[in-house]
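Asks: I am attaching a structure below and will ask some questions about it afterwards.
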Amino acid sequence: MKILRSMLITSMVVSAAAFADLQALDDSQMSAATGEGLGFALEDFVLDTEGAELSVTGIQSSAGEEIDIKWTSLYVMGEGSEEGSIRTPGQIGSYLHPYVIRSLRGSGGLDPNDPLYNEKYGQINNELALLELAADEYQSDVQNSATFATFSYYQGCVWGQPGCDDLATVGSNGVAVQAITNEIDALNSSRAQIVDTYSLALSALENQMNSYYLSEIVPKEATVAQEQTEYDAEVVELGQRLTTAFDAYEAFMAIRPQADCEFGDNCTGLNGSACPAIGGGACRNARTAYNDSYDSYEEQQSVRQDAYNDLIEARKDLAAANNDSESFGPAGSYIEAVNNVEEFKVLCGLDSSDFGSCDGGLITRKGETKDGIESVSIALASGVERRDGLDVGASFEFAVNSVNPDGSTSPRTDYIDINMKGLFIDGTAFRLWSAPDEQGDDELNAEIRLNLFIKELDISVCDPSVCDNDPVAKEASTLNLDNMFVSLNLGYGEIQPMRLSATSDGNFEFELTKLRPGDDVDTTSQEDMQAFYDDYYENSPKSFISISDVRMGSSPDASLGRITVDGLRAQYLKVTSRDL
């Protein structure tokens, strides 16, 4: 392994009086320390294993066969290394934008005007100390990977890549700006359509909806629930009577196996089910028991059908109340009003109380997105250049035994080659703190903010002995992901921390806990809990994934399209490691 010209820069950010004599600090002075921490950067960095291999053994397949894994290559270089073939020095952080390790206090409980308040730590109590490991951060929209990746998504390509450098496509009216503008126009059109539907204020509409719900919907829902309960009971009774009838039939046939009578028939002496005249009392009793029990089963079928018909009628009444535009006062039906109000609050925010206000929600967020896209587009048109990222790659070999149809095995080697071109992780941060759990025991909590922007990710499964000399074969077996941005946000302070622990058998456990309302929230109050959930859904960070193009190979018709997952939020997540 070889590291080429790697220079480590470390700097501790201290006050202007750093060179004065050391002075003792009392507790209050120490608690006011902002703790900028230790910053570091790596310049002219190259990591290349240069043919060295790492082997992993002891892993078995599901068939119990040994799997030998070889890590055959690893490189970390600057962007433009051509999959590690050209030694291109890279940069990890910088003096002005370092990676940081620091210890500081949360900002929960502090006044937002307090100079020590920081919104990033607002959900962690000020009494708690936390350790943060953070990658570089940038205020410039061009250098900020989250904003630049969003711009590239709407632009349809990564600026600076081949075929994506035409200055005519950027600027205040560039391709990306037009795309996000059209999207916002469509959202505003949907909002306007909802507003134009109703002649009364939003609050008045919600009051009328609540009144209608209580007077018309709730009673019909209760009727449906009651009819469902009765129908379920009749179905259970039908099953029990069927079992009784079949048991009685088998008991009769055990006594009179020569009887010519199928289950479901009325067994009599006229259809081949006669019992002996002498000593046939048990036979006749069993036959009567079967006939009576099957008659009871048939009667229950009719009762069950009546219950089913009553349930269907109740459901029809409920559907009519939901969908009848004449029974609900304002324009349209009740269910249309519910859908329209929900859509309006998505567009304009949960706090919207008037159709005329739209200060939050999706339209506002898209407007903020547009501001960032416009900033990037104008900067690029002005000649501002985007910084280079890293190229990272690794190759693996897997030696396995394939099971043939005849049960024999034959050796097989699988390959995977991963190459990331233009990798950025700025904005990534891991925050750790200790706090008591429900039982009062200390547990390690965390917030994870992972930003991963890759201009191009290639995953190949081709045999290097073939593909290294055959570019066409390599492309055909390579999955290409262009302009890939992943923003993974797990944890929301003490309200929903990521819990890190170990099980008694030595495995790791990662759990995104259920929501934990703070001590200032009255959990018995519907209004307080509604406000708590509204705040959580409005302010807790969401995760999203965007990939501009997914394709197999390099031909234009090999594209599988684009992928977007927007607004993803986990309510609960638990991951536990397992022994292999």
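The values are calculated or read from the model by the stated rules, or taken from the named source; none is laboratory data. Note that the coordinates shown come from a computational prediction; the quantities given were computed from them, not determined experimentally. Note: ideal-geometry Cβ built from the backbone for every residue, glycine included; neighbour counts use all protein chains shown. The area values use the complete protein model at the heavy-atom level, side chains included, leaving out ligands, DNA and RNA. Shrake-Rupley method; radii C 1.70, N 1.55, O 1.52, S 1.80 Å.
Asks: Report the per residue volume, in Å³, of the convex hull enclosing the C-alpha atoms of the stretch 217-323.
Replies: 85 Å³
Asks: Of the options Gly264, Ala320, Tyr297, report the single residue whose Cα projects farthest towards the positive end of the charge dipole of the stretch 217-323 (beta-carbon charges: Lys, Arg +1; Asp, Glu -1).
Replies: The one lying farthest along the dipole's positive direction is Gly264.
Asks: I've got another one for you. Would you work out what percent of the accessible area of the chain, with all protein chains in place, is carbon or sulfur (probe 1.4 Å)?
Replies: 52 percent
Asks: Shifting gears a bit: Considering all alpha-carbon pairs of the chain, what whole percent are spaced by more than 46 angstrom?
Replies: 43 percent
Asks: Okay, next question. Test of understanding: what is the full-extension gain from Ala254 to Val218, defined as 0.36 nm times their sequence separation minus their Cα-Cα distance?
Replies: 7.6 nm
Asks: Now for a different question. Suppose we take every Cα in the stretch 463-529 and form the convex hull; what volume per residue is that in Å³?
Replies: 209 Å³
Asks: At a threshold of 8 angstrom on Cα-Cα distance, excluding pairs fewer than six apart, so keeping six or more, what relative contact order does the stretch 217-323 reach in percent?
Replies: Rounded, it is 44 percent for the stretch 217-323.
Asks: Just need the relative contact order of the stretch 301-353 here, percent rounded to a whole number, with Cα pairs under 8 Å and 6+ apart.
Replies: Relative contact order of the stretch 301-353: 17 percent.
Asks: Follow-up question, since we're still on this one. May I ask you to list the aspartates and glutamates whose Cα is less than 13 Å away from that of Lys70, ignoring any residue fewer than eight positions away on the same chain?
Replies: Reachable aspartates and glutamates: Glu53, Glu397, Asp414, Asp417.
Asks: Which value, in Å² rounded to 10, gives the accessible area of Leu116 with a 1.4 Å probe and all protein chains present?
Replies: 80 Å²
Asks: Please report Rg (one decimal) and Dmax (integer) in Å for the Cα set of the stretch 306-451.
Replies: Calculated on Cα positions, Rg and Dmax stand at 29.3, 78 Å.
Asks: Hey, another quick one. Select from the stretch 512-573 those chymotrypsin sites (Phe, Trp or Tyr not before Pro) which occupy a DSSP coil region and have at most 16 other Cβ atoms within 10 Å, ordered by residue number.
Replies: Within the stretch 512-573, the qualifying chymotrypsin sites (Phe, Trp or Tyr not before Pro) (loop, at most 16 other Cβ atoms within 10 Å) are Tyr572.
Asks: To the nearest 10 degrees, how steep is helix 218-255 against the longest Cα principal axis of the chain, on a 0 to 90 scale?
Replies: The angle comes out at about 50 degrees.
Asks: May I pose another question? What's the FRET efficiency of Ser408 with Gln60 using the Cβ-Cβ distance as r and R₀ = 30 Å, to the nearest 0.05?
Replies: 0.95
Asks: Still on this model: Please go through the residue pairs Lys370/Lys574; Lys421/Lys474; Lys366/Lys574; Lys120/Lys542; Lys120/Lys366; Lys120/Lys421 and name each one whose alpha carbons sit more than 25 Å apart in this structure.
Replies: Lys370/Lys574; Lys366/Lys574; Lys120/Lys421
Asks: Taking Lys316 as the anchor, which lysines have their alpha carbon closer than 20 Å to its alpha carbon, excluding any fewer than eight residues away along the same chain?
Replies: Cα-Cα hits under 20 Å: Lys220.
Asks: Of Lys514, Lys316, which has the most accessible area with a 1.4 Å probe, and how do the rest follow in descending order?
Replies: Lys514, Lys316
Asks: Modelled label-to-label distance, Ile418 and Gln193, 7 Å Cα→beta-carbon offset: nm?
Replies: Here the answer is 4.3 nm between the modelled labels.
Asks: R0 = 41 Å: FRET efficiency of Asn210 with Glu385, Cβ-based, nearest 0.05?
Replies: 0.15
Asks: Still on this model: Extension gain Asn339-Gln571, at 0.36 nm per residue separation less the Cα-Cα distance, in nm?
Replies: That pair, Asn339 and Gln571, stretches by 81.2 nm at full extension.
Asks: Also, I was wondering about something else. For the stretch 479-576, what is the charge dipole size about the Cα centre, in debye to the nearest 20, if Lys and Arg each add +1 at the Cβ and Asp and Glu each add -1 at the Cβ?
Replies: Around 560 debye, computed over the stretch 479-576.
Asks: Counting heavy atoms of the protein chains only and a 1.4 Å probe, report the per residue accessible area for the chain as a whole number of Å².
Replies: 56 Å²
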